[in-house]
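Report on the following structure.
The values are calculated or read from the model by the stated rules, or taken from the named source; none is laboratory data. Remember, predicted model here, so these are calculated numbers, not experimental data. No Cβ is skipped: glycine too gets one built from the backbone with ideal geometry, and neighbour counts run over all protein chains shown. To get the accessible areas, we keep the full protein, side chains included, count just its heavy atoms, and leave off ligands, DNA and RNA. Shrake-Rupley method; radii C 1.70, N 1.55, O 1.52, S 1.80 Å.
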Amino acid sequence: MKRDGRNKSFWQTLEGRNFSTDFTDLVFDTIIVGAGITGVTLAKKLQDSGVKCLLLDKENPGFGTTGGTTAHINNFYDASYDEIIANFGEQAARLLVNSTKDTLDHIKKNVLRYHINCDFEECDFFLFSAEESQNEQLDRILAAHQQLGLKTLPSNTLPFSLPFVKAIRIEGQAQFHPLKYLLGLLDAFGKNGGAILTNQSIVAYENKEGEITLKTSDERIFTAKNIVWATHIPPGRNRFDLLVAPYRSYALTLKLQHAPEMLAQTADLYDPYHYFRYHRTGDGYYLIAGGFDHRTGDERDTEKHFYDLKELVNKNFEYQEVTAQWSSQYYVSADGLPYIGRMPNEPNVYIATGYGGNGMTFGSMASLIIPDLLLNKETALAKLLSPARIKPIASAKSVLSEGWSASQHFIMDKLSADKIDAFENIPLEEGRIVKYEGKTFAVYRDEQAVLHCLSSVCPHMGCTVNWNPSEKSWDCPCHGSRFDIEGKLLNGPATSGLQEMDR
């Protein structure tokens, strides 16, 4: 199965196939755009509730972040519960704890109900301070967990060969093979008459008088009462250009010679943090390591992050071989919690974005929120995670920072293009933003020395893209749109690719 980068994730050993189902009806209650964890889980949930929906994706299922996750299913989040209590209150934090338990139960029930063989395991998470200065933060997290009734205790040991000062053990985690889980839900959805359309992009879209109309690249025109953008970030220009920020994280999978003492997960408290977990598939055991995150498009030497991650692993672990390395994209929200629910001022449009590093949990949680909203039932959880919420104290600093970062890139990147006398100066298999005869190009020279010349301007909001050497892609540092060497759109919020240009 394909995903949105050159590097293959640990999960991509599954064979690709045609996921589209046979159907003739073009009228639906709800259209879900995006066949990742959010879209597929929601489609099955809606089907079980009797809602007639179409699941649509421009690529294959799991093409985006679901195919590149490290597949942690956690009952706590990147925004720690002490921060959530401070920003949203204790009642909201308790609601989130209970809703997270419901979400993990929902995933487990899906695995059992549909007999999905997806390496699902339950385990504990060990959060630790790597130096004395992190102890106070760890103590605050422990106190918040105990205040909220989340089973967490101090631990004198760590089931990973990592140095630590203090550690806590958080019970109630899980993990799985995300694509096996996704395909299991898709098979169940299709067998029960669900409409699935893959490898088809949206070429025209209209939301008029409470009805959604869209045209796909195969010339079909679909209508629906509602649409859900399960695309990791809603497409086009909207308020979420400021409220979420794109980041990339790096991951390795390493085959272990012996079984670990226990399946477990762990992370330190650096910013950005490093994270690890064991994975069992068949008779084999693996270590999945990740970290060295950075804002999308901000780093020119992305290969260095793999080098640094390997150095960290080599220093602390024994293993047989590296079996996969890849990077993946996620979006951080302005106030630490995701935006799941109705798009402001568009009551028949729904979104789910800003998951941070907790996509498997929040992506599944969306299926516990949106179905009620479709019935005009706004639960307490829907209010907490509403895309229309405004939390000035929690989000003002982040919004200003991200807005400034995007503006800085918009101006400075246009002034910093390389000035070259000939395109032949570009090395093989490398990309450059260049000025040549009054024009600015995004140019890639492939292994046969063929040049691929594109506009350097992201069609979303006009920022200049940057070259990502590890994934062989053009990444926009303003809002995270990504494009391949031919200019094809890989990730939104852009809705079209980079324009081809003649020299």
Hits in the range 317-368 (condition: aromatic (F, W, Y) and more than 27 Å from A93 (Cα to Cα)):
F317, Y319, W326
Confirm whether P272 is free of Cβ contacts under 8 Å to residues at least 60 places away in the same chain, part of a loop (DSSP other than H, G, I, E, B) and either open to solvent by less than 70 Å² (accessible area, probe 1.4 Å) or of a type in the set (K, R) (or both).
yes
Some residue of the range 185-205 being closer than 29 Å to G68 by Cα, touching a residue at least 12 places away in the same chain (Cβ under 8 Å) and among the basic types (K, R)
no
Can you tell me which of (1) over 17 Å from the mean Cα position of the chain (by Cα); (2) modelled with pLDDT under 95 is the one E206 doesn't meet?
(2)
What about K8, is it assigned to a loop (DSSP other than H, G, I, E, B), under 22 Å from I233 (Cα atoms) and open to solvent by 20 Å² or more (accessible area, probe 1.4 Å)?
no
Here are the criteria: (1) assigned to a strand (DSSP E or B); (2) modelled with pLDDT under 95; (3) open to solvent by less than 40 Å² (accessible area, probe 1.4 Å). Tell me which single one R432 does not satisfy.
(3)
If you take the residues of the range 293-338 that are among the acidic types (D, E) and in contact with a strand residue (DSSP E or B) (Cβ under 9 Å, 6 or more places away or on another chain), which of them is most open to solvent (accessible area, probe 1.4 Å)?
E321
Taking the range 467-489 and keeping only residues that are out of contact with any helix residue (DSSP H, G or I) (no Cβ under 7 Å at 6 or more places or on another chain), open to solvent by 20 Å² or more (accessible area, probe 1.4 Å) and not aromatic (F, W, Y), one is left with K472, D484, I485, E486, K488, L489
Screening T41, T30, T13, T70 for residues that are open to solvent by 40 Å² or more (accessible area, probe 1.4 Å), farther than 19 Å from N199 by Cβ and β-branched (V, I, T) leaves only T13
Enumeration of residues in the range 31-56 that are assigned to a helix (DSSP H, G or I) and β-branched (V, I, T)
I37, T38, V40, T41
Expected output for the range 298-313 (first residue more than 15 Å from V465 (Cα to Cα) and among the acidic types (D, E), partner open to solvent by 40 Å² or more (accessible area, probe 1.4 Å) and not in a loop (DSSP other than H, G, I, E, B), Cβ below 7 Å, 6+ apart or cross-chain) is D308/F292
Can you run down the residue pairs with Cβ atoms below 6 Å, 6 or more apart or on separate chains, where the first is in the range 4-29 and within 12 Å of F63 (Cα to Cα) and the partner is β-branched (V, I, T) and open to solvent by less than 40 Å² (accessible area, probe 1.4 Å)?
none
So is A245 modelled with pLDDT of 95 or more and of a type outside the set (V, I, T) or not?
no
Considering each residue of the range 209-242, count those that are open to solvent by 10 Å² or more (accessible area, probe 1.4 Å), in contact with a helix residue (DSSP H, G or I) (Cβ under 7 Å, 6 or more places away or on another chain), at pLDDT 95 or above and not in a loop (DSSP other than H, G, I, E, B), and give that number.
1
Going by the structure shown, is A251 among the small types (G, A, S), closer than 19 Å to F125 by Cα and open to solvent by less than 30 Å² (accessible area, probe 1.4 Å)?
yes
Going by the conditions given, is E59 out of contact with any Gly (no Cβ under 7 Å at 6 or more places or on another chain), crowded, with 18+ Cβ neighbours inside 10 Å and either free of Cβ contacts under 8 Å to residues at least 24 places away in the same chain or assigned to a loop (DSSP other than H, G, I, E, B) (or both)?
yes
